[in-house]
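The structure under discussion appears below in the form of structure tokens.
Any read-out appearing in this document is the output of simple, stated calculations on the displayed coordinates, not a laboratory observation. Everything quoted here is computed from the prediction, not taken from an experiment. Don't worry about glycine lacking a Cβ; one is built from the backbone with ideal geometry, like all the others, and counts go over all protein chains shown.
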Amino acid sequence: MNKFIKSDYIAKGMLVDFLKKPNPKLFNQIVGIQFKNIRLKKKLTAEAVVQDNKRYFNTIYDLYKFEKGIKTDVSKFIALSCYYGYNIDELKKQIKLEDKNV
């Protein structure tokens with residue numbers, strides 16, 4: 001099983017738990033793993049992402065912490081969504097934030 005498939009299974013399981021009982025910590029983990037999936041799908045290394053986003057990530061460990069949901073913030077979220085060309089509305093639909101008026 002490759003990293004992308006494993007990460008995708010983890011994300012789906014986390015999403016099911018989040019929809020049953022919303023939790024801010026779990027939400028951060030879901031956001032992080034979604035961006036990890038994007039990185040793996042685009043076949044980008046963590047080093048390349050950090051190199052291109054030095055303003056937001058000092059080391060690859062900063063990126064890993066974001067992807068684990070340990071250290072998330074809006075600046076990193078926006079920077080990565082722009083870097084990957086990711087539409088934030090996709091995440092909102094997937095987590096069903098519109099239904100909950102969050």
Estimated FRET transfer efficiency when R0 is 22 angstrom, pair Lys68-Asp89 (beta carbons, to 0.05): 0.35
Kirkwood Rh in Å, taken over the chain so that all alpha-carbon pairs contribute: 13.9 Å
Size of electric dipole in the stretch 3-97: Cβ of Lys, Arg +1 and of Asp, Glu -1, about Cα centre, debye, nearest 20: 240 debye
